1. For n ≥ 4 DSSP H runs only, could you compute -39500 (n - 2.57) per run for the chain, divide by its residues and tell me the 222 nm figure to the nearest 500?
2. Which translational diffusion coefficient, to the nearest whole µm²/s, is obtained for segment 103-181 from the Stokes-Einstein equation, given a Kirkwood hydrodynamic radius over C-alpha pairs, 20 °C and 1.002 mPa s?
3. Please give the helix 151-174 orientation as an angle from the longest Cα principal axis of the chain, in degrees from 0 to 90, rounded to the nearest 10.
4. Using amide H atoms built in the peptide plane, which far-off residues or other-chain residues are under 5 Å from VAL134 H to H?
5. Tell me, what HN-Hα J-couplings in whole Hz come from the Karplus equation 6.51 cos²θ - 1.76 cosθ + 1.60 at θ = phi - 60° for each residue of segment 87-104, using x for Gly and Pro?
6. If you wrap a convex hull around the Cα atoms of segment 1-71, how much volume per residue is inside, in Å³?
7. Return the subset of LYS74/LYS142; LYS60/LYS106; LYS20/LYS64; LYS23/LYS142; LYS67/LYS142 for which the Cα-Cα distance in this structure is over 27 Å, preserving the input order.
8. How high is the FRET efficiency from ARG137 to THR16, r the C-beta distance, R0 30 Å, rounded to 0.05?
Amino acid sequence: MALSPAVETLWNELQTVREKVLKETEGLSQAQADWRPSDTDWSVGEILHHLTLAEINTGKLTSKLIKEADAAGKLAPYPSDLKAFAPLPSPTPGPMEAPPVVRPEKGHPIAQLLADIKSMRERSRQSMERLASVDARALTWKHFALGELNLAQWWMLQARHDADHLQQLRAVKAAPGFPRG
């Protein structure tokens, strides 16, 4: 399905940052995926698991909000004149603690983590196609730190979130003691 211009732009942002995340994890061993710079830092594997959990939950939110609006007779079609979505609010400076629903687990096999994050992105394409058929601006849900976000902004947050964790992933790999093989 062809996406509307605003949704296509959002999809491309999601894809661009995800490609960078995957490039950073190419060829990592299990020891590298499990290594942590300190007891309080996440490993590459935990970062991948967290990104997958976050995207799963954004997909679930998409289904929930569309289903509820449709059942209430309040689901509006995508506005043909919409060229871009409203930007995200500025994030709170510094790291935030992940809510329990997206806290990663450690020790997953790297091959499975990579397969999961790739298959989740395939399902997210379906969410993007659904987003391209509705007025996402009317579908809102409160984010624990950013406040009320519309559904398009939730997906914009997913792209920003991936970009933030891409930097974290690179920092783990650059930390002293990171296994070299």
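1. Counting only the DSSP helices, I get -19000 deg cm²/dmol.
2. Translational D for this selection: 140 µm²/s.
3. 10
4. HN-HN under 5 Å from VAL134: TYR78.
5. Ordered by residue, 3J(HN,Hα) equals x, 6, x, 5, x, 5, x, x, x, 10, 7, 5, x, x, 5, 10, 6, x Hz.
6. Per residue, the Cα convex hull of segment 1-71 comes to 133 Å³.
7. Distance filter (> 27 Å) returns LYS20/LYS64; LYS23/LYS142.
8. 0.80
Read-outs: derived from the displayed coordinates by stated rules, not from any lab. Computed from a predicted structure; not experimentally measured. Cβ sites come from the backbone with ideal geometry, for glycine too, and all protein chains shown count toward neighbours.
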